[in-house]
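Here the structure is laid out as structure tokens; the discussion comes afterwards.
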Amino acid sequence: MSKIPEDVRGTSTDTVVRAVLPPAEAPRPPAEAPRQPEQAKPRESRLRALDGLRLIAALMVAAYHYGGREGDVSKAWGTSPKQQFPKLHEFFAYGCMGVQIFFVISGFVICMSGWGRPLRSFFASRASRLLPAYWAAVIIVTAVFALPAVAYKTVPPSDALLNLTMLQMPLGAHRVLGVCWTLWAEVRFYALFALCIVLPGANRQRVIMFCAGWTLAVAIAQTANEPLLNTILMPEYASYFIGGVGLYLVHRDRRDAYAWGIVGVSFLIGQHYAVKSLWHAPNPEYFSNRTTFGIILVLTLGYLAVTAIALGWLNWANWRWLTVAGALTYPFYLVHEHLGWVVIKAYHQSLGIPSYATFLLTAVTMLLLAWLLNRYVENWLTPQLRATLSKPR
């Protein structure tokens, strides 16, 4: 459908780069307590604060799409969001960085869910989590955009069908969902993690080597400027995934110096790519003028939030509604952008609702649609798909 906006390319929506190679494990002196066995740790209970952070990141991206950039959303408002939100549009412009936070969370969650899980189970879990809501979103957006009363840009039928595979970007087809470029990054991360960690079996040293090797490979790929390597290794996104993986190691053992090194190096590399892709010199012709300080600050807050969760400092945030919030995040993320244009136009231009009220009502409407998708699509299809894919042959 639409091209990736220039000021979001290289940021943004479903992991990764670590620090230094560890030396070979040596026997500990008798005075030191031995490290706990790798596989002895039981699977963790749900971290509800992480669900809440997911929703915050999704709402950040929605704020960016509704009030932090130009493009099709300007047609929905009737004027530039800069005129609709004279004060807040500068803050909304930072909302695209919710994608980096998503990637850090993804690194954490994928390492946690893939630890001790066989490859078939890992694949079934990821496919059943991503595909049902995604299929529904592609069908709904395609159908709504084809309505005469809406008449937004439509994609050719062949491209719309190809979008169901989630491979439209590498195959050069038009995108039905504007946010699907982040899913392509997530899929590549899953593939790397599955091949390097899940298939041989997760343990601390293997995960550390994975993070360190990916980090070094990214640096080499950037030096070589080889498109194939860049596609596989994702230099602009890898550090965030790796940071999340490192934070999961911190979650397992907060005294792990290598884990903290992975997190630190990933942050330093990540802030470099964030500034490189999102900052530009002040120019009145540009819609957004993000500052270097602002970009680094938002990324820092995202890392600190996941760190606090990893260390257990937010375990008190154990409210059940956060689980619901986490369940709504993914379908909301899928539908909020393009369908949000339709809803904004209806509320603001057709019904005359003021800008700020339209902004809030649109977000609520998309959350309601996400709830319907979760209840009637995901809750029905996800277990069936997982069971089918998990069956041994």
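Over region 215-355, consider all pairs of different Cα atoms and compute the Kirkwood hydrodynamic radius from their mean reciprocal separation; express it in Å, one decimal. The Cα-based Kirkwood calculation yields 18.5 Å. Based on DSSP H segments of at least four residues, each scored -39500 (n - 2.57), the chain has a per-residue ellipticity at 222 nm of -20000 deg cm²/dmol. The value for region 60-100 of Rg(Cα) / (2.2 N^0.38 Å) is 1.04.
Over all orientations, region 88-226 has a Cα convex hull whose mean projected area works out to 11.5 square nanometres.
Across the chain, how many lysine pairs, 8 or more positions apart or on different chains, have C-alpha atoms separated by under 23 Å? Please give the number. The number of close lysine pairs in the chain is 11.
In terms of its Cα atoms, the chain spans 75, 53, 46 Å along the principal axes, sorted from long to short.
For region 239-299, the convex hull spanned by the alpha carbon atoms encloses 76 Å³ per residue. Applying 1/(1 + (r/R0)^6) with r as the Cβ-Cβ distance of VAL364 and LEU311 and R0 = 41 angstrom yields a FRET efficiency of 0.80.
Sorting GLU90, GLU226, GLU285, GLU236 by the number of Cβ atoms found within 10 Å of their own Cβ, with the fewest placed first, yields GLU285, GLU226, GLU90, GLU236.
FYI, it's all coordinate maths here, none of it is from the lab. Since the structure is predicted, the reported quantities are computational estimates derived from the model, not experimental observations. Please note: Cβ atoms are built from the backbone with ideal geometry, for glycine as well, and neighbour counts cover all protein chains shown.
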